[in-house]
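The values are calculated or read from the model by the stated rules, or taken from the named source; none is laboratory data. What you see is a predicted model, and the numbers here were worked out from it, not measured in a lab. Methodologically, a virtual Cβ is constructed for each residue, glycine included, from the backbone with ideal geometry; neighbour enumeration extends over all protein chains shown.
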Amino acid sequence: MNMHRKILAVSLALLAAPAIANHPNPAQTGALPVPANRIVGLWATTVSIGPCQGGPTMTFEGSSVFHAGGTLGETNMSPPSSRSYSQGIWKYQGKNRYKTRFKFFSFLPDGSYDGVQEVSTTTILNARATQYHANVVASFFNPDGSLRYQACGTAVGERIGFD
């Protein structure tokens with residue numbers, strides 16, 4: 001190999017290294033190295049949500065875990081006695097865009113069942129796959145299945161990783 005080709009090969013490798021280092025490592029996440037799986041992993045979230053027609057919002061912290069293959073789990077700082085763990089699905093839409101849908105069961109302070117909450121998001125992952133922004137629609141259903149109300153808002157997520 002002549003000297004120019006060696007310099008070109010080393011230069012290309014050095015240019016590619018930061019891009020590779022900024023993306024989740026499939027060896028660490030267990031996910032196949034395909035674009036859809038860039039979201040796989042654990043995320044710290046902050047959600048701001050309120051009435052879709054406008055009005056006061058509330059903000060709370062949570063965490064989400066995206067599994068390879070299209071399933072997810074979510075929890076937040078609500079008292080464990082008031083809701084179940086969320087389970088759901090995600091789908092890659094292309095160009096760092098994802099759709100999610102998950103649900104959990106709600107309970108009254110006396111422990112009786114109070115219905116279901118279903119949440120749908122449109123989520124945009126940043127280019128480095130370290131943060132996301134999502135638009136959120138949450139539907140609250142009574143125990144009989146009728147719609148109680150809807151809330152709208154946003155969520156931001158930051159990947160939790162190893163230092």
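A few points about this structure:
- Enumeration of residues in the range 126-151 that are within 16 Å of T46 (Cβ to Cβ) and not hydroxyl-bearing (S, T, Y): N126, Q131, H133, A134, N135, V136, A138, A151
- Verdict on F162 being outside any strand (DSSP E or B), more than 15 Å from E74 (Cα to Cα) and of a type in the set (A, V, I, L, M, F, W, C): yes
- Pair list, Cβ under 7 Å, 6 or more apart: the range 40-59 residue at negative phi and touching a residue at least 40 places away in the same chain (Cβ under 8 Å), other residue of a type outside the set (K, R) and part of a loop (DSSP other than H, G, I, E, B): S48/T57; I49/T57; G50/P56; G50/T57
- Among (1) at pLDDT below 95; (2) over 20 Å from V34 (Cα atoms); (3) part of a loop (DSSP other than H, G, I, E, B), the one test that S81 misses: (3)
- The single condition among (1) assigned to a strand (DSSP E or B); (2) within 25 Å of P35 (Cβ to Cβ); (3) of a type outside the set (A, V, I, L, M, F, W, C) that R128 does not meet is (1).
- Looking only at the range 128-163, residues that are of a type outside the set (F, W, Y), surrounded by fewer than 18 Cβ atoms within 10 Å (Cβ to Cβ) and free of Cβ contacts under 8 Å to residues at least 60 places away in the same chain come to 12 in all.
- Which listed residue is in contact with a Phe, Trp or Tyr (Cβ under 8 Å, 6 or more places away or on another chain), modelled with pLDDT under 95 and among the aliphatic types (A, V, I, L, M), from V34, V40, V10: V40
- Every condition in (1) surrounded by fewer than 14 Cβ atoms within 10 Å (Cβ to Cβ); (2) within 13 Å of G88 (Cβ to Cβ) holds for G111 except the one numbered (2).
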